[in-house]
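The values are calculated or read from the model by the stated rules, or taken from the named source; none is laboratory data. Keep in mind it's a predicted model, so treat the numbers as computed, not measured. Cβ sites come from the backbone with ideal geometry, for glycine too, and all protein chains shown count toward neighbours. The area values use the complete protein model at the heavy-atom level, side chains included, leaving out ligands, DNA and RNA. Shrake-Rupley method; radii C 1.70, N 1.55, O 1.52, S 1.80 Å.
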Amino acid sequence: MNDGGRRGRGGAESRRSDDARPADGTPGEAAESKRRKDDNPESQARDIVYRLLAARARSRGELRQALLRKEIDEEIADRVLQKFVDAGLVDDAAFAEEWVHARQRTQGLGRKALGFELRRKGVDEHLVEAALSTVDSDVEAERARELVQRKLRGMSSLDHTTKMRRLVGMLARKGYSEGLAFRVVREEIERSGEESPDFDTP
């Protein structure tokens, strides 16, 4: 009986000992797999791109610059990005159109400013022009008008010339053409009840 007890205890101890030992190779294999991944520039590049796209849509040019800043080789960066393009995860045409409408809606930007932003993000010129062509002229004028109306409320003490100069300058900085800016500003000042002296519209 004592032998049986010893055998029982020995068996339990043996099982506890076996249970305490990790599965053969599991931690080492995981560490090795992580090390190989960390040492693989393509894996690093893919991880960087996925993280950036998770935050917001980006142009291929933006992603390429981000990879180069992380010291990813140019050839590897281009190869990885092409895979994202082929998979439809990076699409400069769709990005440009979405960017134009979002920035026009949220920031009230005109075509010039929108085009400048897209070019700065590395979008090809023909895609920039295509995206800008989707901007509705009436919507653009309405956004300019809203900007002028908000600004005009705090300018009651200013003379007409100063109002014109500041409002047209504000629209110009937002990327609106001079012709549209002068027309909208003049109309809104007149609508506010102030007579407009003669101005030559550019």
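If DNA, RNA and ligands are ignored and the probe is 1.4 Å, what is the ranking of Arg165, Arg60, Arg79, Arg145 by accessible area, most exposed first?
Heavy-atom accessible area, descending, gives Arg165, Arg79, Arg60, Arg145.
Taking the Cα centre of each part, how many Å lie between region 58-132 and region 154-189?
One Cα centre to the other: 32 Å.
If you count only protein heavy atoms with a 1.4 Å probe, what accessible area per residue comes out for region 58-107, rounded to a whole Å²? Let's see the in-between values first.
Numbers: 2890 Å² over 50 residues.
Accessible area per residue: 58 Å².
Accessible area of Glu142, 1.4 Å probe, to the nearest 10 Å²?
For Glu142, solvent-accessible area is about 80 Å².
Restricting to Cα pairs below 8 Å that are 6+ residues apart, what does the relative contact order work out to for region 47-111? Please round to a whole percent.
The normalised contact order for region 47-111 reaches 32 percent.
Determine the order of Ser157, Ser43, Ser133 by accessible area, beginning with the largest, at a probe radius of 1.4 Å.
Order by accessible area, largest first: Ser157, Ser133, Ser43.
Relative to the Cα centre, what is the charge dipole magnitude of region 49-202, using +1 at the beta carbon of each Lys and Arg, -1 at the beta carbon of each Asp and Glu, and rounding to the nearest 20 debye? Walk me through the numbers on the way to the answer.
Details: 29 positive and 29 negative charges, 157 e Å.
Using only the charged Cβ atoms, the result is roughly 760 debye.
For Phe116 and Lys151 in the same chain, what is the full-extension length gain: residue separation times 0.36 nm, less their Cα-Cα distance, in nm?
Here the segment from Phe116 to Lys151 would lengthen by 10.2 nm.
Mind checking the full-extension length gain between Tyr50 and Ala130? Use 0.36 nm per residue of separation minus the Cα-Cα distance, one decimal, nm.
Full-extension gain reported as 26.1 nm.
Can you work out the FRET efficiency for the pair Leu89 and Asp138, with r the C-beta to C-beta distance and R0 = 35 Å, to the nearest 0.05?
0.55
Just to check I understand the Karplus step: with θ = phi - 60° and J = 6.51 cos²θ - 1.76 cosθ + 1.60, what whole-Hz values come out for region 137-154, glycine and proline as x?
4, 5, 5, 4, 5, 5, 5, 4, 5, 4, 4, 5, 4, 5, 5, 5, 4, x
Go through Arg105, Arg143 and list them by solvent-accessible area, largest first, probe radius 1.4 Å.
These residues rank, largest area first, as Arg105, Arg143.
Testing the spin-label approximation: label points 7 Å from Cα along Cα→Cβ at Arg105 and Ser43. State their distance in nm.
About 4.0 nm separates the two model spin labels.
Under a Cβ-Cβ cut-off of 9 Å, what is the net charge of the residues other than Phe84 that fall near it, where Lys and Arg count +1 and Asp and Glu count -1?
Every neighbour counted, the sum reads +2.
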